[in-house]
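Encoded as C-alpha cells, the structure appears first; notes follow it.
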Amino acid sequence: MNYANNIFVGHAEGYDGEESDVSIVVCFRHGSTPLGYNDAMWGKYGEQFSQMMNLMDRSTDQAFLVNPMNLSRSDYGNRGNTIDSLIARGVSYAICRKATRSFATRLARATGGDVEAINAELLANNVSNSRFVPAGVVAATRSQEYGYSLLYSA
C-alpha cells in the first residue's frame, strides 16, 4: 500500500506527473491473500486470518475483525494508505485464487466447515476494484509481459 502511494507521490514530485499517468495493480498472494477479502470475511474469519498471518492489532493485541488494509490509523504500517483510498486514486487489486483455496482448506480445518463452501464464500467476498487471478505469481509475471514493472514487498 505504501509502495503504491510512493509511486504516485514520486511521479508527481519528481516528474511533475499526474496520478492518472500511472497504472498500479496490487496483488494479494501467498500469505497476504486474506488482505484481498472484504470486512464480512474478516468479521467471520478474522481470528483465523490473524493467527495464520501472525498479524494482530497492536493497539489491542487482539485479532483484526475488519480488513486491516482499510484502517487509516497512524499506528498501523500502511500509514493511512488504505484499499479504499488507493482505489480512489486508480489502484486495482488482484487476489490469488490458488492461495484462496489454500486458506479455505485451512479455515475448514480450523472451524470444522466445508472447504468448498468456504472457498465459494471467499471468492464471493473480495475487496472492491479487485479480481481473482489463477495464481498471484502468474499474474505478476504475465503483467510484466505487458509493460508493468514488479515491486515486491516482504
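What follows draws every value from the coordinates through simple rules; no lab data is involved. Only a predicted model underlies this, so the values are computations on that prediction, with no experimental measurement involved. Here the Cβ is made from the backbone with ideal geometry for all residues, glycine too, and neighbour counts use every protein chain on show.
What number comes out for the charge environment of Val137, summing +1 per Lys or Arg and -1 per Asp or Glu over other residues with Cβ under 14 Å away? Cβ neighbours under 14 Å give a net charge of +3. Among residues other than Phe8 with Cβ under 10 Å from its Cβ, the summed charge is -3 (Lys and Arg +1, Asp and Glu -1).
Bridge orientation summary for the stretch 2-145: considering DSSP beta bridges with both residues in this region, about 25 percent are antiparallel. Cα centroid distance between the stretch 1-75 and the stretch 105-123, in Å? Between the Cα centre of the stretch 1-75 and that of the stretch 105-123, the gap is 23 Å.
Each Lys or Arg adds one and each Asp or Glu takes one away; over the other residues whose Cβ falls under 14 Å from the Cβ of Asn70, this sums to -1. Take every pair of alpha-carbon atoms less than 8 Å apart whose residues are at least six positions apart; their mean separation over the length of the stretch 2-145 yields a relative contact order of 28 percent.
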